[in-house]
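Novice: Here you go, one structure.
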Amino acid sequence: MQFSPSVYEHAARVIGKSPWEVSRSADLLAQGNIEAFRLYRHCPVVVGIDIYNLEAEAYGAPVEKPAGSGIPAIHRHPYSTTKELTSLEPFNPKTDGRIPMVIEAARRVARECPDADVRIPLAGPFSIATNLMGFEALLCEVCNNPDSVMEVLHHLVTGQVKFCKEIADNGLDIAFFESAAAPPLLSPEQFRDIELAALRQIMEKSGAILGHPVPCVIGGDTAPILEAILETGTGYVCCPAETDQQLFMEKMSAHRDVMVRINMDPRPMTAKNFQAVEKEVDRVLTLAENRQNVCIGTGCLPFETDPEVVLKTKEYILSKSIQKNA
């Protein structure tokens with residue numbers, strides 16, 4: 001059983017730096033992800049700290065420095081209506097924001113770790129719109145002006161396709177994220193009516209550029225929208241800790257060819273409660289039973305997680321796999 005912890009801001013902890021420092025430096029971002037891969041041998045290696053901020057920052061949203069080991073975030077949203085977003089020109093991935101820096105860091109990771117599956121985070125259109133407008137303003141338009149929201153989502157796909165092509169031109173791959181669109185922020189009906197067409201479009205176009213189906217990672221309560229996610233043609237989905245994981249996996253029984261990453265609750269790892277970690281691993285292994293295309297994940301691995309606990313978790317998963325196959 002493969003262990004796939006999601007190492008974003010935790011890469012800063014591995015090298016003793018703050019997430020803000022690492023998020024602003026190609027040298028530190030590369031170093032943190034190289035050292036994390038050497039430590040955990042995880043797959044994929046997603047080169048980013050505040051993974052949902054890149055595109056919104058390139059469009060002009062300010063990312064603010066947090067205190068201490070906090071995660072950089074966007075608190076001041078530069079736009080208030082979807083009409084404003086439809087006038088945005090796609091950003092230039094060669095020059096705008098931190099995007100060239102992240103691509104350079106990922107190239108360094110790929111050179112130093114040739115056996116790593118190195119990917120750059122690519123946000124879905126609803127997540128970008130949320131960072132540009134804020135949840136409240138965007139959800140008001142979802143209710144009052146859904147056609148305009150759909151237009152904006154398709155408009156933002158154009159820029160993401162350009163970003164994806166730049167990533168591919170640098171010999172790299174993508175990790176696609178769209179958690180802002182998950183229930184309860186959108187209802188299952190709104191997800192299908194407003195989000196799905198744009199999601200399908202970006203998945204199809206990015207898959208064509210990369211030459212393979214793109215993983216679709218959406219956190220939150222995704223069991224009610226799983227059928228819609230699978231309509232995108234993705235070959236990889238995430239079963240988040242926040243959803244009804246039993247129901248999710250029952251639905252996936254009809255899709256044996258799709259890889260499923262079942263996320264553990266990371267809180268026992270953060271609390272260094274290894275008895276609770278073992279119990280959580282056992283619970284997830286039960287959910288994964290009798291499935292070939294499956295791995296165990298963590299969700300976003302918190303910065304403060306002790307690397308020794310991550311390694312002990314990996315060892316425990318390996319031991320259980322050996323016992324099963326003995």
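Novice: Within straight cross-link reach of K94, meaning Cα distance under 26 Å, which lysines are found once same-chain residues fewer than 8 apart are removed?
Specialist: In chain and number order, the partners are K65, K162, K165, K205.
Novice: Okay, moving on. Using the 10 angstrom Cβ neighbour count as an exposure proxy, how do S148, S6 rank, fewest first?
Specialist: On the way: S148 16, S6 22.
Lowest count first: S148, S6.
Novice: Something else now. Return Y8, Y52 ranked ascending by Cβ neighbour count within 10 Å, so the fewest neighbours appear first. Show your work: numbers first, answer last.
Specialist: Values: Y8 26, Y52 22.
By the 10 Å Cβ count, ascending: Y52, Y8.
Novice: Let me ask something else about it. Tell me the relative contact order for the chain as a rounded percent, counting alpha carbon contacts under 8 Å between residues six or more apart. If you can, show how the numbers build up before the last one.
Specialist: On the way: 589 pairs, mean separation 60.5, N = 326.
Relative CO of the chain lands at 19 percent.
Novice: Setting aside same-chain residues fewer than 8 positions from K314, which lysines have a Cα under 28 Å from its Cα?
Specialist: Answer for K314, where 28 Å is the Cα cut-off: K17, K251, K272, K279, K324, listed by chain and number.
Novice: Rank by packing, highest mean first: peptides 306-317, 223-234, 32-43, with packing defined as the count of other Cβ atoms within 10 Å averaged across residues.
Specialist: Details: 306-317: 16.8, 223-234: 18.4, 32-43: 20.8.
Highest mean packing first, the order is 32-43, 223-234, 306-317.
Novice: Determine the shape class of the stretch 168-286: with a ≥ b ≥ c the square roots of the Cα gyration tensor eigenvalues, call it rounded for a/c under 1.5, and otherwise prolate if a/b is greater than b/c, oblate otherwise.
Specialist: Because a/c hits 1.5 or more and a/b exceeds b/c, the stretch 168-286 counts as prolate.
Novice: What shape does the stretch 2-325 have by the C-alpha gyration tensor, where a ≥ b ≥ c are the square roots of the eigenvalues, rounded means a/c under 1.5, and otherwise prolate means a/b greater than b/c and oblate the rest?
Specialist: It comes out oblate by the Cα gyration axes.
Novice: Within 10 Å of each residue's Cβ, count the other Cβ atoms and sort M264, M133 from fewest upward.
Specialist: M264, M133
Novice: How many angstrom separate the Cα center of the stretch 1-43 from the Cα center of the stretch 250-326?
Specialist: Cα centres, the stretch 1-43 to the stretch 250-326: 20 Å.
Just so you know, all these numbers are worked out from the coordinates, no wet-lab data involved. Predicted model, so just to flag it, every value in this text is computed and none were measured. Backbone-built Cβ (ideal geometry, glycine too); neighbour counts: all protein chains shown.
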